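A.B. asks: Before anything else, here's the structure in question.
Nothing in this text is a laboratory measurement; each read-out follows from the coordinates by a stated rule. Here the structure is a predicted model, which means the values were calculated and not measured.
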Amino acid sequence: MNILVTGCSRGVGLEICRVLLRQGNTVYGIARSHTPEFQRLEAEYPGVLFFKSVDLADSVGVRKNVFRDFIVNTVVLHGFVNNAAMAYDDIVTNISLDKLKAMYDVNVFTPMIITKYVLRNMLLHHTCGSIVHVSSISVHTGYKGLAMYASSKGALEAFSKDTAREWGALGIRSNCVVPGFMATAMSASLSDEQRGKIYARTSLKTATSIESVAETTAFLLSDKASSITGQNIHVDNGTI
């Protein structure tokens, strides 16, 4: 299968690429940075892992940057993983409209536009494809300072559910993976005490496994999940 993955160069996105490649898929990765970690993965999987540097804050340029200059119509897409995201952490009384808009471009508007063209690719090739959005446990349980970020991921979950309803008759599925807090660059600014408090709220009392999130994502893309659509699959160490 040919899978498009955003935010592919590090963390969860990189691990998703690794799992998909190990399973025999071809991966088209987009991210802002072509990291050494991703380059090592390219060397390990020559000819089946492709990369393009794209600024996902540019919602207007998505069609040209991704679907004209990288994934042309002759590439048959079977799946799309919307993983790229940026965090905007602050309390609600300090909301900056400019920062809020910048986050929504990356977390909501660009993924919606990419989904539009992924769907058009699947319709063109009569593909029964699968879309997976990487959401966040912050949508479902409150954390101080994450209201804006959680709102962007909540928008994605609603978008995914309605996408599933809209295109299910043509065999196209859409789901969300909802990870708990992971040890990623996005959570690196938290202190040990803050992380400890977050993990204490879970059943397993530890960080969510990046590998578990990646494997769940790969499962939802596969035919093994052919009857799963419109769902939010929690991989959160029992936070909820």
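A.B. asks: Given H placed 1.01 Å from N in the peptide plane, which residues other than close sequence neighbours of I233 have an amide H under 5 Å from its amide H?
C.D. replies: C176, V177, V178
A.B. asks: Let me ask something additional. Go through segment 141-152 residue by residue and turn each phi into a ³J(HN,Hα) via Karplus (6.51, -1.76, 1.60, θ = phi - 60°); whole Hz please, and just put x for glycine and proline.
C.D. replies: 8, x, 10, 4, x, 10, 4, 5, 4, 4, 5, 5
A.B. asks: Another question, then. Any idea what diffusion coefficient segment 19-161 gets from Stokes-Einstein, in µm²/s, Kirkwood Rh on alpha carbon pairs, 10 °C, 1.306 mPa s?
C.D. replies: 96
A.B. asks: Right, another one. Once you treat every alpha carbon in segment 29-95 as an equal point and sum by Debye, what is log10 I(q)/I(0) at q = 0.19, 0.22, 0.28 Å⁻¹?
C.D. replies: -0.90, -1.11, -1.38
A.B. asks: In addition: Could you list which residues have their amide H under 5 Å from that of R173, counting only those 5 or more apart in sequence or on another chain, with H placed in the peptide plane?
C.D. replies: G129, S130, I131
A.B. asks: Same structure again: May I have the pair-distance distribution P(r) for the chain, computed from all Cα-Cα distances with 10 Å bins from 0 and rounded to whole percent?
C.D. replies: 8, 33, 38, 18, 3, 0
A.B. asks: Aspartates and glutamates near K224 by alpha-carbon distance under 14 Å, same-chain residues fewer than 8 away left out - which ones?
C.D. replies: Result set, ordered by chain and number: E215.
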